[in-house]
Amino acid sequence: MPVPNLSPTPPTPDAAPESLAEFAYRRIEEMIVTRALPPGSMISENGLAEELKCGRTPVREALQRLRNEGFVEIHPRRGALVSSIDVMRQIELLEVRRSLEDLVVRLAAERANAAERAEMLRLADAIVAAAAAADQAGYLAANRSIHEIEARAARNAVLAKTIGVIHGLSRRFWYAYIEDTGTFDTGARLHAVTLRAIAAGDAAGAADGAARLLDFLNDLTQRALHRRL
């Protein structure tokens, strides 16, 4: 499967360490989500620093952050081990995500500015078009952008940080199973419904769309669990 390049180019060498660490985090998380770094693989700081061209310190900080979020396990003198994809953990994540997602979309419907509402409408069209074209890279890029703009528009930094971790782990699960399910169109349609409701300032409609999206994701996860039993 081709690995989509969803990340920006590396920051310039004189960028602040936080910027380099954020770049490293986003790029390594993407590599894990898309299975360029598959579950069970060992990765080294030196190898990642060379590939990302951003030095060992930001890579080390990124790996510590990814460890805290459950993407990797750190083994001294060996490197970082990419964690396995746990279907039961995904079910637990969805239970937590449901109430947080409801809050995010309701707040976003109330607090989004005009530019964010316009971008949401563009992303609604983009994810539907990516699904229609079976463009997996385009779908996942739009999916990530949707989660980020919804969280940003909610204007709550604690909520955005919390749900960002859950979205990342959910995105990893989705990427691992989407090819087997043929559910691009359904996921895209539900995202688009939610986005358009937020853009219209319809908090109740956005919450309903988010609830239907979570029902869909739960059904997908249950099917994955039953295939493993």
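Just a few scattered comments:
- Options Asn143, Asn68: the member that is under 21 Å from Ala224 (Cβ atoms) and under 18 Å from the mean Cα position of the chain (by Cα): Asn143
- Residue within the range 195-211 that is open to solvent by less than 50 Å² (accessible area, probe 1.4 Å), farther than 22 Å from Ala118 by Cβ and outside any loop (DSSP other than H, G, I, E, B) present: yes
- Among the residues making up the range 86-115, those that are open to solvent by 30 Å² or more (accessible area, probe 1.4 Å) and in contact (Cβ under 8 Å) with a residue 12 or more places away in the chain are Met88, Arg89, Val96, Arg98, Leu100, Asp102, Leu103, Arg106, Glu110, Arg111, Asn113.
- Candidate set from the range 177-194 (those that are open to solvent by less than 20 Å² (accessible area, probe 1.4 Å) and at pLDDT below 90); member that is nearest to Ile163 (Cα to Cα): Ile178
Here is a yes/no grid of residues against (1) open to solvent by 20 Å² or more (accessible area, probe 1.4 Å); (2) part of a helix (DSSP H, G or I); (3) among the charged types (D, E, K, R); (4) within 24 Å of Asn68 (Cβ to Cβ):
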residue	(1), (2), (3), (4)
Val158	yes, yes, no, yes
Thr162	yes, yes, no, yes
Arg172	no, yes, yes, yes
Leu213	no, yes, no, no
Phe216	yes, yes, no, no
Ala224	no, yes, no, no
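- Top-ranked residue of the range 6-22 - restricted to ones that are out of contact with any helix residue (DSSP H, G or I) (no Cβ under 7 Å at 6 or more places or on another chain) and surrounded by 13 or more Cβ atoms within 10 Å (Cβ to Cβ), ranked as modelled with the highest pLDDT: Glu22
- Every pair of residues 6+ apart whose Cβ atoms lie under 8 Å, when the first sits in the range 194-219 and is within 18 Å of Ile127 (Cβ to Cβ) while the second is of a type in the set (S, T, N, Q): Ala206/Thr194; Gly209/Thr194; Ala210/Thr194; Leu213/Thr194; Phe216/Thr183; Phe216/Thr186; Leu217/Ser170
- Filtered residues of the range 116-137 (kept if without any contact (Cβ under 8 Å) to a residue 40 or more places away in the chain and either in a helix (DSSP H, G or I) or aliphatic (A, V, I, L, M) (or both)): Glu116, Glu119, Arg122, Ala126, Ala129, Ala133
The values are calculated or read from the model by the stated rules, or taken from the named source; none is laboratory data. What you see is a predicted model; the values in this text were computed from it and never measured. Positions of Cβ are generated from backbone atoms using ideal geometry, with glycine treated the same way; all protein chains shown enter the neighbour counts. Only protein heavy atoms, including side chains, enter the accessible area calculation; ligands, DNA and RNA are left aside. Shrake-Rupley method; radii C 1.70, N 1.55, O 1.52, S 1.80 Å.
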